[in-house]
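Engineer: Here it is, the structure, as structure tokens.
Any read-out appearing in this document is the output of simple, stated calculations on the displayed coordinates, not a laboratory observation. Keep in mind that this is a model prediction, so the values were computed, not measured. No Cβ is skipped: glycine too gets one built from the backbone with ideal geometry, and neighbour counts run over all protein chains shown.
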Amino acid sequence: MERTLAIIKPDSVKKNVIGKIINRIEAEGFRIVEMRLVRLGRDEAGAFYTVHRNRGFFEDLVAFMSSGGAVVLLLERENAIAHWRAVMGATDPAKAAPGTLRREFGFSIERNAVHGSDARETAETEIGFFFK
Ligand code: CMP
């Protein structure tokens with residue numbers, strides 16, 4: 001069993017598709033270990049995405065992630081990290097495969113509906129960020 005951190009981003013919360021995304025999470029065989037609706041402050045969003053702090057898109061990303069509610073989930077499944085990334089699809093919804101969450105619900109590379117940890121080490125850090 002492996003664990004990963006998923007976020008239903010503020011664009012999805014505003015579009016009222018939390019339930020649809022959670023349905024998909026369950027249909028894909030994940031167990032929801034923990035889940036919380038949060039409103040990130042700018043500092044918190046910046047701390048979460050600190051690996052991107054020197055990227056040109058960082059300020060926009062922080063503003064977007066702190067613009068409204070988000071749902072953070074601790075997911076468990078065999079091969080959870082890679083499987084969740086496959087279900088999300090490519091970062092840019094325009095490049096995401098049909099049937100993926102980002103293709104279905106994403107709007108742009110920034111407003112891309114969902115987040116998922118990209119590796120074991122990141123998953124541990126990201127899970128620890130929200131769930132003590
Ligand atoms: P996420 O998987 O949450 O991880 C980092 C986020 O930064 C990513 O999804 C996108 O929302 C955002 N991002 C990545 N690359 C770009 C980019 N080139 N322009 C704007 N936002 C980006």
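Engineer: VAL114's amide H: which non-local residues (gap 5+, or another chain) put their own amide H closer than 5 Å, with H modeled 1.01 Å from N in plane and none for Pro or chain starts?
Structural biologist: LYS9
Engineer: Next question, about the same structure. Within the chain, which whole H helices from DSSP have a Cα span along their axis of at least 15 Å and a mean Kyte-Doolittle hydropathy of -0.5 or more, if any? Don't jump to the answer; show the numbers that get you there.
Structural biologist: Values: long enough: 120-130 (16 Å, -0.45).
Result, helices passing both filters: 120-130.
Engineer: Now a separate question. Just want to confirm a number: the relative contact order over the chain, from Cα pairs under 8 angstrom separated by 6+ residues, in percent. Could you put the intermediate results ahead of the total?
Structural biologist: Working: 228 pairs, mean separation 49.4, N = 132.
Taking the mean separation of contacting Cα pairs over the length of the chain, I get 37 percent.
Engineer: Quote the charge dipole size of the chain about the Cα centre in Debye, to the nearest 20; the model charges only the Cβ of Lys and Arg (+1) and of Asp and Glu (-1). Could you put the intermediate results ahead of the total?
Structural biologist: On the way: 20 positive and 18 negative charges, 70 e Å.
That gives a dipole near 340 debye.
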